[in-house]
Amino acid sequence: MIFAVVGLVLVGVISVLNLAILLVVLRRWRELEASGAGGGGGHSHGFPTTGAISSIRTGDRLPAFSARALDGTVVTERTLLDKETLVGFFSLTCKACVDAVPLFAGHAERLRATGGTTLAIVHGDDSADSELAAMLREVMDIVIAEDSEAELSKRYGAKHYPSHAWYGPDGVVTTAGAGVSALRAQPVAS
């Protein structure tokens, strides 16, 4: 009988210790996610695909930039003003980014029908020639490739991939999100 009691006490102690370790790990995971350090180089490459907090906030203004799109045209922030705009941020090292392309396609089609436009920013070495960039060229109005330094994504404030931001005609963020589930939940900005 004594061995059964000792065994139950030991199982209880191990269970409590296991729970404490799990809570510490979960808290640290949330801290890393909130700080944007949950992936290589300060970027969360598709991690996690649900529940990630966007670092782009409602009320943020469209940043000043100038970049060359894959079709050769020069794109600036002025290109995106005076119309609703969906901006998507993608990384070559993000599996969830590939999964998000059909969702962006649906939003792009509806947005285009109301006079809006879409911009995809793909980062990673050789992103211009990537399969992801080719997929996005078929569904988004403007596609910009950037190297692994992700200067344009940083200018926008994107830290998680995939991320998106809806901008109103005045160049101010109306909604933003990170992860595939956040994009599914987003209605077309109006």
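The values are calculated or read from the model by the stated rules, or taken from the named source; none is laboratory data. What you see is a predicted model, and the numbers here were worked out from it, not measured in a lab. Positions of Cβ are backbone-derived with ideal geometry, glycine not excepted, and every protein chain shown enters the neighbour counts. Accessible surface areas use protein heavy atoms only, side chains included; no ligands, DNA or RNA. Shrake-Rupley method; radii C 1.70, N 1.55, O 1.52, S 1.80 Å.
What to note about this one:
- Screening segment 172-181 for residues that are open to solvent by 10 Å² or more (accessible area, probe 1.4 Å) and in contact with a strand residue (DSSP E or B) (Cβ under 9 Å, 6 or more places away or on another chain) and picking the one that is nearest to THR79 (Cα to Cα) gives VAL172.
- Odd one out for MET1 among (1) aliphatic (A, V, I, L, M); (2) surrounded by 12 or more Cβ atoms within 10 Å (Cβ to Cβ); (3) modelled with pLDDT of 80 or more: (2)
- Residue within segment 106-128 that is in contact (Cβ under 8 Å) with a residue 60 or more places away in the chain and acidic (Asp, Glu) present: no
- Candidate set: segment 148-171, residues that are open to solvent by 30 Å² or more (accessible area, probe 1.4 Å) and touching a strand residue (DSSP E or B) at 6+ places or on another chain (Cβ under 7 Å); chosen: the one modelled with the highest pLDDT: LYS159
- Selection status of LYS159, under 22 Å from SER55 (Cβ atoms) and among the basic types (Lys, Arg): yes
- Subset of segment 85-109 [among the charged types (D, E, K, R) and in contact with a Pro (Cβ under 9 Å, 6 or more places away or on another chain)]: ASP99
- Among the residues here, ALA128 does not qualify as open to solvent by less than 10 Å² (accessible area, probe 1.4 Å), part of a helix (DSSP H, G or I) and modelled with pLDDT of 90 or more.
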